[in-house]
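Right, one structure below, let's go through it.
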Ligand code: ARG
């Protein structure tokens, strides 16, 4: 018989091209730890149920120990002829321990095996992602605390809108990444279900104990339906969707960093270790890290679409299409993990430049809304106040000054309600301090929000 595990009913060998086309070992070998863990739990259950002998289990455990060491040390010889990670490991086990190795696959199929491996792998990955988001958030909070009272122009339409503090602005990203954590943690619940026992699609004739295997592998439960267990990858799609949203948040932060470190803004300096130079222009310091994060968001979005498209036309149950789930998942995980590592570190490499932020704040009539609110509190309907302030802004623009620089008499031309207490509300500090409520930008509120954020980590 041929070298192929499944070649019994075949009468001619596979062509080299087909072999290369159908093999996944080049990329699925990274699930080797999960594959061995899954096999050991399965074997333990088979022995407990009397489906294999205790001696078989002992042989399998001993053999797998050696396989583990061979792979870990780089001595393992991966073979394209053996198609995927599962057959490579099983074949080596059998070479080491003989018949016990051949008994391992009793009551199991690669279909439930691979679904188990991916779920174990994703669960580990989600745990790493959650820890790194937390790390990023901790470092973000340190910066936000330093800058809790630092005024900067808040924008809408990228135009100066109202003063905010830099700390408040940064806390927006705490909220976004907090929701990202919730999404990954929620996705994890559905990842953490055991497919093993579904076998190829219909279940198996052996007296298996699926709950035992689930407990052994730390799953929260078993997949209830065998057809569903081997065929759906919705948990992977959810993972990619959560990843796409996370990357979208980091892409927005990246875009802001690119703008802020541009000399025309000059709001921040980013430590040299996150920047690169130009091969031709000696003066350049480029924000390559945020630019790349913005760019890599595209490939994560692409992976999400790839998996959705992979799934949409598949009849139940398992189809080989599903082998295409791995590269998008791995690529997404690698991209997200590296992005998080680098951004967690970069938070400590961002230095605010308050003088430039303040300078920008004096150029866009940032306290115009405060003047309108002032008039409203003196009894003017808001729409009338809005119009009066609009005229005052126009006048200030003609004179080339900011609102607080207009003389009192000049301001009184637009409304007789203006008194000399107006200047307190026209300052940046007055504007900030006045937004003193839950979720507002007053420095006292920002500090309280940081304290709450720490307890929500
Ligand atoms: N390498 C395959 C995958 O990734 C494993 C399952 C193969 N099953 C099969 N019947 N061909 O999906």
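A quick yes/no check of all residues on (1) more than 22 Å from residue 240 (Cα to Cα); (2) modelled with pLDDT of 95 or more; (3) surrounded by 14 or more Cβ atoms within 10 Å (Cβ to Cβ):
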| position | (1), (2), (3) |
| --- | --- |
| 274 | yes, no, yes |
| 278 | yes, no, no |
| 285 | yes, no, yes |
| 308 | no, yes, yes |
| 313 | no, yes, no |
| 323 | no, yes, yes |
Check your understanding: Among the listed residues 74, 8, which satisfies the condition of being without any contact (Cβ under 8 Å) to a residue 12 or more places away in the chain and outside any helix (DSSP H, G or I)?
Key -> 74
Point to revise | From 144, 199, 149, residue being modelled with pLDDT of 95 or more, assigned to a loop (DSSP other than H, G, I, E, B), closer than 30 Å to residue 359 by Cβ and in contact with a helix residue (DSSP H, G or I) (Cβ under 7 Å, 6 or more places away or on another chain) | key: 149
Practice item. Would you tally the residues in the stretch 44-64 being under 34 Å from the mean Cα position of the chain (by Cα) and either more than 18 Å from residue 116 (Cβ to Cβ) or in a loop (DSSP other than H, G, I, E, B) (or both)? Key: 0
Exercise for review: Go through 36, 71 for me and flag whichever is surrounded by 19 or more Cβ atoms within 10 Å (Cβ to Cβ) and more than 16 Å from the ligand (Cβ to nearest atom).
Suggested key: 71
Exercise for review: Please find, among 325, 345, 334, 384, the residue that is within 16 Å of the ligand (Cβ to nearest atom) and farther than 22 Å from residue 442 by Cβ.
Suggested key: 325
Point to revise | So residue 80, is it away from the ligand (no atom under 16 Å from the Cβ), farther than 26 Å from residue 317 by Cβ and either in the same structural domain as residue 206 (by TED's automatic domain parsing) or in contact with a helix residue (DSSP H, G or I) (Cβ under 9 Å, 6 or more places away or on another chain) (or both) | key: no
Point to revise | Test for residue 207: is it surrounded by 17 or more Cβ atoms within 10 Å (Cβ to Cβ) and over 30 Å from residue 332 (Cβ atoms) | key: no
Practice item. Quickly run through the stretch 135-154 and pick out the residues that are within 26 Å of the chain's Cα centre (by Cα) and more than 21 Å from residue 448 (Cβ to Cβ). Key: 135, 136
Exercise for review: Mind listing whichever residues of the stretch 211-243 are assigned to a helix (DSSP H, G or I), in contact with a strand residue (DSSP E or B) (Cβ under 7 Å, 6 or more places away or on another chain) and touching a residue at least 24 places away in the same chain (Cβ under 8 Å)?
Suggested key: 213
Exercise for review: Just one of (1) farther than 30 Å from residue 266 by Cα; (2) modelled with pLDDT of 95 or more; (3) surrounded by 14 or more Cβ atoms within 10 Å (Cβ to Cβ) trips up residue 343, so point out which.
Suggested key: (1)
Check your understanding: Only one residue in 257, 316, 253, 308 is touching a helix residue (DSSP H, G or I) at 6+ places or on another chain (Cβ under 8 Å), assigned by TED's automatic domain parsing to the domain that holds residue 353 and outside any helix (DSSP H, G or I), so which one is that?
Key -> 316
Point to revise | Verdict on residue 445 being under 30 Å from residue 176 (Cα atoms), out of contact with any helix residue (DSSP H, G or I) (no Cβ under 7 Å at 6 or more places or on another chain) and surrounded by 20 or more Cβ atoms within 10 Å (Cβ to Cβ) | key: yes
Revision key, fill the gap. Taking the stretch 87-109 and keeping only residues that are within 16 Å of the ligand (Cβ to nearest atom), over 11 Å from residue 39 (Cα atoms) and in a helix (DSSP H, G or I), one is left with 87, 88, 91
Point to revise | Candidates 246, 292, filtered to the one that is out of contact with any strand residue (DSSP E or B) (no Cβ under 6 Å at 6 or more places or on another chain), in contact (Cβ under 8 Å) with a residue 40 or more places away in the chain and in the same structural domain as residue 181 (by TED's automatic domain parsing) | key: 246
Review point. In the stretch 298-336, how many residues are free of Cβ contacts under 8 Å to residues at least 40 places away in the same chain and within 14 Å of residue 118 (Cα to Cα)?
Key: 2
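The values are calculated or read from the model by the stated rules, or taken from the named source; none is laboratory data. What you are looking at is a predicted structure, and each value in this text was computed from that prediction instead of being measured. Every residue, glycine among them, receives a Cβ derived from its backbone with ideal geometry; neighbour counts consider all protein chains shown.
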